[in-house]
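Worksheet: the structure to be examined is printed underneath.
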Amino acid sequence: MSFEDYREKVGTLSKVVGGICTIDSICPTKMACVGCGAKVPRPEFKDEIESFYNWADESEKRFEKLSLPIEAKKMKIVKNRAKIELKEIQLIEKTQKDELHVSKIRISSNK
């Protein structure tokens, strides 16, 4: 396998839709990055996942109009995966916000 082939099939620390790939071998999901457990979602790329969700929603509707129920179902699955990643990003954002919280401790003596 040439370097170019390897670079196209292995994602270690590569930027993908909505995050960073961490897989160090040939992609087991055939580049279906949204919903992949090897991807680390990143809040700064949240808009990419939202755009991906919107694309899948439009595609689902189009496939339903074309009477292609299997394709519509695939898009529904993709939408669910995108929703899960958006929830993960929401949790990451909350954690980052909590990390900035400074606790104040008061000790009072009752004599």
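We did not get these values from a lab; they are worked out from the coordinates using the rules stated. These figures come from a predicted structure and were not determined experimentally.
Over the chain, what relative contact order in percent results from Cα pairs under 8 Å that are six or more residues apart?
On the way: 115 pairs, mean separation 22.6, N = 111.
Computed value for the chain: 20 percent relative contact order.
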For the range 3-92, place one equal point scatterer on every Cα, skip the solvent, and apply the Debye formula. What is log10 of I(q)/I(0) at q = 0.17, 0.24 Å⁻¹?
-0.74, -1.10
Full-extension gain in nm, ASN54 to GLU93, via 0.36 nm per residue minus C-alpha separation:
11.9 nm
222 nm [θ] for the chain, helices only, -39500 (n - 2.57) per DSSP H run of 4+, per residue, to 500?
-18000 deg cm²/dmol
To the nearest 10 degrees, how steep is helix 69-99 against the longest Cα principal axis of the chain, on a 0 to 90 scale?
20
